[in-house]
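In what follows, a single structure is set out as structure tokens and then discussed.
The values are calculated or read from the model by the stated rules, or taken from the named source; none is laboratory data. Everything numeric here is computed off the predicted structure, so don't read it as measured data. Heads up, the Cβs are rebuilt from the backbone with ideal geometry, glycines too, and the neighbour counts pull from every protein chain shown.
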Amino acid sequence: MPQRRSSEERPSVVGCFWTVLTVLGLALSGWLGQRLYQRVTQPTPTLVAAAPTPTATATAMPTAAPSPTPTATATPSPSPTPTATLTPTPTAVITATTTPAASVTPKVGGGPSAGVQVGRPWPTPDVSQAKDHYWVARVTGPGTQQWASPFYPYGSTGQGKYLLHQGVDIPNPLGTPLLAPAEGKVVFAGTDDQVALGPTTNFFGQAVVIELDRRYLDRPVYVLMGHMGEVYVRVGERVVRGLPVGEVGMTGIALGPHVHLEVRVGANDHRHTRNPEFWLQPLPGHGTLAGRVLTEEGLHLPGVEILLYPGPEFKAPRYYTWTYLDAPELINPDDQWGENFLMADVPAGLYMVEVKVGKRLLRQEVTIEAGRTAWIEVRATP
Ligand SMILES: [Zn+2]
């Protein structure tokens, strides 16, 4: 069970996110200012979330950092059928290129800010055999915030502020309709005050769990929506994609209005979660960057920061995330991909991925295509 922290999901969403954004900006500007990388000429990048171009919405998320690429409106919506047979980008194994030995460690990671932890042996399935499984539609409709908060991704604690996150959070105003993300059957609906749907009872408050009709590697797939206000459906009911199943609330341990989204594979319990953003169909014009950052021996490197610099200039980082924290069974990679980080809803285009492992700075160009998963693998022993 994750350690409960005093603040867990309780601080004001807006205040918390603004604080995080400010800290990120300050820490990164100081860090970059001391780096030797010659192409970095201005030390105050505007770091923004690993999130897509926001549409005009009234949400609790800070929208001060929109993507500059207006991709969301110019690209036709993808087919509603899941992309099942895409071949991943060939694995790029990054090798160390420079050791700038920056004297300031950026304190923006989801894990250790000084020193590097080494985790468990990480599964390394052959990703050339892996297929995308974007079976899950957005759970809120047009005109709402449809993307997950990048400040508190799957496998993180939001820089130590919250509980280990086994899903993602999508903030929207109270009462925003929540939609079934795929065809399936309701297997849980209502309060979790009697049944521990998460780590404890009264965790998700009002929740709905849908077992999808489709199975993954012959195992059932569940989508959980938590902290709901109203719940419209009952156990046993069949749902189709887009059917309203309830409303955004702030029940359970949430104090800010949002929906907590989980995907569980194999069993409907909190030890079978996967990164839900690996299941959410990318927004139009956006794709996914996934990969793993391991030691040369294949050990997990938790809490390592991943920065993404838009091309072709690669002047300043614009998106970021961290590798998953090391929590066996609680945080799990995809069975076919074996990722330990994922950045969802990135505008399609050319990027430079930058990973800092200890004092080693590793960089690799990657092209992110709309509707697909781009993959990189980094091996570096700190
Ligand atoms: Zn959550």
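Tabulated values for the structure
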{"quantity": "Selection status of ARG264, crowded, with 20+ Cβ neighbours inside 10 Å, away from the ligand (no atom under 12 Å from the Cβ), within 21 Å of the chain's Cα centre (by Cα) and under 16 Å from LEU330 (Cβ atoms)", "calculated": "yes"}
{"quantity": "Test: residue in region 170-193 that is at pLDDT 95 or above, within 15 Å of the chain's Cα centre (by Cα) and within 15 Å of the ligand (Cβ to nearest atom)", "calculated": "yes"}
{"quantity": "Any hit, region 327-341, residues being surrounded by fewer than 20 Cβ atoms within 10 Å (Cβ to Cβ), of a type in the set (A, V, I, L, M, F, W, C) and at negative phi", "calculated": "yes"}
{"quantity": "Failed criterion for GLY252 (all others in (1) buried (at least 23 other Cβ atoms within 10 Å of the Cβ); (2) in a strand (DSSP E or B) hold)", "calculated": "(2)"}
{"quantity": "Condition check for ASN275: of a type in the set (S, T, N, Q) and over 16 Å from GLU211 (Cα atoms)", "calculated": "yes"}
{"quantity": "Any strands (runs of 3 or more DSSP E) falling wholly within region 132-217 and containing at least 1 residues that are small (Gly, Ala, Ser)", "calculated": "184-191, 206-212"}
{"quantity": "Search result, residues across region 201-225 that are within 14 Å of the ligand (Cβ to nearest atom) and closer than 16 Å to ARG271 by Cβ", "calculated": "PHE203, PHE204, LEU224"}
{"quantity": "Options VAL259, VAL245: the member that is buried (at least 21 other Cβ atoms within 10 Å of the Cβ), within 16 Å of the ligand (Cβ to nearest atom) and part of a strand (DSSP E or B)", "calculated": "VAL259"}
{"quantity": "Some residue of region 318-326 being over 14 Å from the mean Cα position of the chain (by Cα) and of a type outside the set (D, E, K, R)", "calculated": "no"}
{"quantity": "Pairs, first of a type in the set (D, E, K, R) in region 275-300, second surrounded by fewer than 24 Cβ atoms within 10 Å (Cβ to Cβ) and not in a strand (DSSP E or B), C-beta under 7 Å, six or more apart", "calculated": "ARG292/TRP122; ARG292/GLY338; GLU296/THR381"}
{"quantity": "Hits in region 271-302 - residues which are of a type in the set (Asp, Glu) and surrounded by 24 or more Cβ atoms within 10 Å (Cβ to Cβ)", "calculated": "GLU277"}
{"quantity": "Tally of residues being surrounded by fewer than 20 Cβ atoms within 10 Å (Cβ to Cβ) and of a type in the set (Gly, Ala, Ser) across region 140-191", "calculated": "5"}
{"quantity": "Test: residue in region 328-339 that is farther than 30 Å from ASP269 by Cα and part of a loop (DSSP other than H, G, I, E, B)", "calculated": "no"}
